[in-house]
Amino acid sequence: MNEKESTGVSNFIRNIIDKDLASGKHVKIITRFPPEPNGYLHIGHTKSICLNFGIARDYNGICHLRFDDTNPEAEDVEYVDSIMEDIRWLGWDWGTKLFFASDYYDKLYDYAEILIKDGKAFVCDLSPEEMNKMRGTLTQAGTESPWRNRSAQENLDLFRRMKAGEFDEGTKTLRAKIDMASGNINMRDPVIYRIKKAHHHRTGDKWCIYPMYDYTHCISDALEGITHSICTLEFEDHRPLYDWILDQLPVPCHPQQIEFARLNMTYTVMSKRLLLTLVKDGHVNGWDDPRMPTVAGMRRRGFPAAALRELSERIGVAKASSIVDFELLQFCVREELNKTAKRVMAVLDPLEVEIENYPDGKIEYLEADNNPEDPSAGKRLIPFGRHLLIERYDFSEEPVKGWFRLAPGAEVRFKHAYYITCKEVLKDASGNITKLICSYDPASKGGWSQDGRKIKGTVHWLCKDTAINIETRLYSHLFKVEDPMSCEEGKTFLDYLDPDSLVTKQAWGEPSLSEAKASDAFQFLRLAYFTADYDTTTDKPVFNRVVTLKDSWTKKGKA
RNA sequence: UGGGAUGUCGUCUAAUGGUAGGACAGCGGACUCUGGAUCCGUACGUGGGGGUUCAAGUCCUCCCAUCCCAGCCA
């Protein structure tokens with residue numbers, strides 16, 4: 001129990017670390033989270049973030065935040081800022097360990113010269129098209145570049161001139177000299193430097209050659225003393241190259257790359273490219289649209305950071321590709337919000353109720369728990385009067401078996417208020433129910449009676465005269481199918497978008513809701529968890545539905 | 001006739017040659033001033049064939065299925 005709490009759940013990566021610690025290979029564990037600042041973080045990244053920062057926390061180690069900024073054309077400070085904000089919001093702290101791969105450009109360059117002097121790298125004049133042709137195919141070996149056997153001296157001279165900006169983009173690259181016949185395409189003399197006359201968000205115009213990921217990442221890890229370099233499965237094929245480069249150079253250490261399966265989740269897509277499409281083509285309202293699996297979107301939606309961390313714990317870490325049930329996320333969100341969300345009453349689809357034996361014009365204030373799960377959340381006073389509003393679906397003129405909400409002649413409890421009995425049903429000319437005439441039992445104030453009468457049904461309600469208008473944004477899955485990526489012939493993931501994934505509904509709520517501040521979490525009693533949106537104002541409160549409450553009644557198909 | 005990986009309840013994940021366990025979802029019940037929460041119970045799994053072993057999810061072997069790789073992206 002104690003061990004489990006202190007080191008988290010067991011997984012194959014922690015097993016490796018345990019062994020390395022036991023054998024004395026390492027005494028201090030250093031991990032890193034290495035995002036490229038070219039997009040927003042999504043829930044897939046939160047798995048990696050929690051993994052790396054979580055290991056550092058549990059092993060008394062350190063997790064570095066290192067931006068993998070080697071492609072200036074794609075990257076921007078805007079992303080650097082949003083990524084740091086998201087990681088902090090998720091509850092992690094990198095202390096002083098903030099790094100940029102671009103911090104290492106000078107060292108990286110020096111190492112490249114070493115490679116050249118040792119005959120392990122060469123300047124190649126092939127055009128991108130030629131290089132592509134000569135790379136071979138998955139089943140056929142590649143062909144060696146005609147420039148492969150230049151002298152070290154010539155290579156050094158050319159590389160220095162590349163750095164000096166003497167050549168145009170695309171005319172020359174620096175390549176590692178490995179094996180054009182390798183079955184692993186990454187080992188077929190991979191490019192390690194290319195010419196890009198681009199402005200870098202940190203180094204400005206100092207450089208016109210930029211190192212490639214494979215070359216940069218392993219050396220950056222080594223320079224920082226990373227012990228375990230944890231990445232996703234698609235880099236498995238790159239590990240031989242990671243190791244090869246470090247084996248050629250006098251680097252301070254040789255970190256171990258370990259790959260794990262990235263997170264996939266039902267009813268959503270996870271790639272930056274696809275998310276960008278959703279944003280760019282206006283299928284959602286920006287990166288922080290509450291339907292997006294981005295950290296920014298989930299934050300706005302109202303998913304608590306603690307729930308996201310809990311999810312990361314629960315899904316575990318392994319090497320088999322998998323798709324996690326969205327239900328598990330919802331469970332984590334409900335679990336957290338149940339403990340923390342303030343209970344209030346709101347009515348989305350109102351039906352008028354008039355209490356015939358309650359004095360007209362009288363308003364009394366009744367005491368209500370703010371959170372039955374947390375007594376320290378205190379109580380509040382809610383207004384009650386003759387004219388009330390209830391949820392239309394809480395009344396049934398012809399109740400089915402097992403129905404214990406309101407019905408003609410039935411008595412139910414109005415939460416925190418009184419026992420109410422339905423006396424009469426008023427309808428308009430076309431037969432629609434317009435109002436319920438009810439009576440209340442004054443002896444049941446607070447929602448209970450001394451005679452021990454058993455009242456099974458409890459409904460939520462609002463005092464009509466004091467209720468305020470609110471806007472609710474009812475979110476559901478962005479996609480109609482579990483896996484939008486496995487498409488039928490001729491369709492794309494966009495064909496599975498659910499046009500009803502956002503339904504905006506004007507509703508009514510307790511007066512106190514006008515004071516809600518953005519990100520405040522609520523449970524609208526018996527309905528769902530809601531969070532005040534960034535758009536909320538005193539005049540026009542706006543709430544995002546985070547997740548509905550579990551509902552074992554409608555699930556039975558009885559509603 | 002390329003290389004690299006992975007197959008355990010519906011889903012995710014543990015078991016490191018010795019009782020296949022947990023969580024979510026499901027189902028049933030208890031309880032409840034939220035048909036919420038909580039509590040209890042229940043069903044469901046080692047991709048397949050051979051082999052080694054007293055004993056195999058685990059070791060060997062063959063097969064099958066799935067995923068990743070041909071950017072001067074990361």
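Across the range A:286-300, what is the total count of residues that are part of a helix (DSSP H, G or I), surrounded by 23 or more Cβ atoms within 10 Å (Cβ to Cβ) and of a type outside the set (Val, Ile, Thr)?
Quick first cut of the range A:286-300, residues part of a helix (DSSP H, G or I) only: A:295-300.
Still in the list and also surrounded by 23 or more Cβ atoms within 10 Å (Cβ to Cβ): A:295, A:297-298, A:300.
Narrowing the set further to residues that are of a type outside the set (Val, Ile, Thr) leaves A:297-298, A:300.
Within the range A:286-300, residues that are part of a helix (DSSP H, G or I), surrounded by 23 or more Cβ atoms within 10 Å (Cβ to Cβ) and of a type outside the set (Val, Ile, Thr) number 3.
When A:Lys505 is evaluated against the numbered criteria (1) closer than 18 Å to A:Tyr393 by Cβ; (2) open to solvent by less than 20 Å² (accessible area, probe 1.4 Å), which criterion, by number, is the only one it fails?
(2)
Scan the range A:276-299 for residues that are more than 20 Å from A:Arg473 (Cβ to Cβ) and not charged (D, E, K, R) and jot them down. Write out each step before concluding.
Within the range A:276-299, the subset more than 20 Å from A:Arg473 (Cβ to Cβ) is A:276-277, A:280-281.
Within the range A:276-299, A:Leu276, A:Thr277 meet the criteria.
Test A:Val400 against the stated conditions and say whether it is within 9 Å of RNA strand B (Cβ to nearest atom), among the β-branched types (Val, Ile, Thr) and open to solvent by less than 60 Å² (accessible area, probe 1.4 Å).
Details: within 9 Å of RNA strand B (Cβ to nearest atom): yes; among the β-branched types (Val, Ile, Thr): yes; open to solvent by less than 60 Å² (accessible area, probe 1.4 Å): no.
Spelling it out, it is not the case that A:Val400 is within 9 Å of RNA strand B (Cβ to nearest atom), among the β-branched types (Val, Ile, Thr) and open to solvent by less than 60 Å² (accessible area, probe 1.4 Å).
Of all residues in the range A:170-194, which are assigned to a loop (DSSP other than H, G, I, E, B) and either open to solvent by less than 40 Å² (accessible area, probe 1.4 Å) or of a type outside the set (D, E, K, R) (or both)? Can you show your working first?
As a first pass, look at the range A:170-194 and keep what is assigned to a loop (DSSP other than H, G, I, E, B): A:170-172, A:177-184, A:188-190.
The answer is A:Gly170, A:Thr171, A:Lys172, A:Ile178, A:Met180, A:Ala181, A:Ser182, A:Gly183, A:Asn184, A:Arg188, A:Asp189, A:Pro190.
If I ask for residues that are open to solvent by 70 Å² or more (accessible area, probe 1.4 Å) and either within 11 Å of RNA strand B (Cβ to nearest atom) or not in a loop (DSSP other than H, G, I, E, B) (or both), which ones from the range A:97-133 would you list?
The answer is A:Asp103, A:Asp106, A:Lys107, A:Asp110, A:Lys117, A:Pro128, A:Glu129, A:Glu130, A:Asn132, A:Lys133.
Checking A:Tyr418 against (1) in contact with a helix residue (DSSP H, G or I) (Cβ under 8 Å, 6 or more places away or on another chain); (2) of a type outside the set (A, V, I, L, M, F, W, C); (3) modelled with pLDDT under 95: exactly one of these is not met. Which one?
(3)
Condition first: more than 30 Å from A:Lys339 (Cα to Cα), within 13 Å of the chain's Cα centre (by Cα) and in a loop (DSSP other than H, G, I, E, B). Can you find one or more residues in the range A:265-285 that meet it?
The answer is yes, given that some residue of the range A:265-285 is more than 30 Å from A:Lys339 (Cα to Cα), within 13 Å of the chain's Cα centre (by Cα) and in a loop (DSSP other than H, G, I, E, B).
If a residue must be more than 23 Å from A:Glu259 (Cα to Cα) and surrounded by 15 or more Cβ atoms within 10 Å (Cβ to Cβ), how many such residues does the range A:317-331 contain? Give the steps one after another, and end with the answer.
Initial filter on the range A:317-331 (more than 23 Å from A:Glu259 (Cα to Cα)): A:326-331.
From what's left, surrounded by 15 or more Cβ atoms within 10 Å (Cβ to Cβ): A:326, A:328-331.
Qualifying residue count for the region: 5.
Does the range A:483-490 contain at least one residue that is hydroxyl-bearing (Ser, Thr, Tyr) and surrounded by 13 or more Cβ atoms within 10 Å (Cβ to Cβ)? Give the derivation first.
Filtering the range A:483-490 down to residues hydroxyl-bearing (Ser, Thr, Tyr) leaves A:486.
From what's left, surrounded by 13 or more Cβ atoms within 10 Å (Cβ to Cβ): none.
Scanning the range A:483-490, I find no residue that is hydroxyl-bearing (Ser, Thr, Tyr) and surrounded by 13 or more Cβ atoms within 10 Å (Cβ to Cβ), so the answer is no.
Identify all residues within the range A:204-219 that are farther than 21 Å from A:Pro34 by Cα and among the aromatic types (Phe, Trp, Tyr); write none if there are none.
A:Trp207
Cβ contacts < 6 Å: first residue over 15 Å from A:Gln523 (Cα atoms), restricted to the range A:371-391; second residue within 12 Å of RNA strand B (Cβ to nearest atom) and of a type in the set (A, V, I, L, M, F, W, C), any location; separation 6+ or different chain. Result?
Pairs that qualify, where the first residue is over 15 Å from A:Gln523 (Cα atoms) and the partner is within 12 Å of RNA strand B (Cβ to nearest atom) and of a type in the set (A, V, I, L, M, F, W, C), are A:Ile382/A:Leu366; A:Ile382/A:Ala368; A:Phe384/A:Leu366; A:Phe384/A:Ala417; A:Leu388/A:Trp461; A:Ile390/A:Val459; A:Ile390/A:Trp461.
Among the residues of the range A:195-213, is any open to solvent by less than 30 Å² (accessible area, probe 1.4 Å), in a helix (DSSP H, G or I) and near RNA strand B (Cβ under 9 Å from one of its atoms)?
no
Which members of the range A:432-456 meet the condition of being open to solvent by less than 40 Å² (accessible area, probe 1.4 Å) and free of Cβ contacts under 8 Å to residues at least 40 places away in the same chain?
Within the range A:432-456, A:Asp441, A:Ser444, A:Gly447, A:Ser449 meet the criteria.
Quick one: which strands (runs of 3 or more DSSP E) lie wholly within the range A:484-551 and hold at least 3 residues that are within 16 Å of RNA strand B (Cβ to nearest atom)? Steps first, answer last, please.
Working: elements: A:502-509, A:521-524, A:528-532, A:542-548.
Fully inside the range A:484-551 and qualifying: A:521-524, A:528-532, A:542-548.
Report the residue count in the range A:166-185 for those that are within 6 Å of RNA strand B (Cβ to nearest atom) and either farther than 23 Å from A:Asp106 by Cβ or in contact with a His (Cβ under 9 Å, 6 or more places away or on another chain) (or both).
Going through the range A:166-185 one residue at a time, the tally reaches 4.
Hey, among A:Arg334, A:Arg314, which residue is modelled with pLDDT of 95 or more, among the basic types (Lys, Arg) and surrounded by 15 or more Cβ atoms within 10 Å (Cβ to Cβ)?
Values: A:Arg314 fails: surrounded by 15 or more Cβ atoms within 10 Å (Cβ to Cβ).
Going through A:Arg334, A:Arg314 in turn, the sole match is A:Arg334.
The values are calculated or read from the model by the stated rules, or taken from the named source; none is laboratory data. For clarity, every value in this text was computed on a predicted model and none was experimentally measured. Counting neighbours? That spans all protein chains shown, and the Cβs are built from the backbone with ideal geometry, glycine included. In case anyone asks, the SASA skips ligands and DNA or RNA and just uses the protein heavy atoms, side chains included. Shrake-Rupley method; radii C 1.70, N 1.55, O 1.52, S 1.80 Å.
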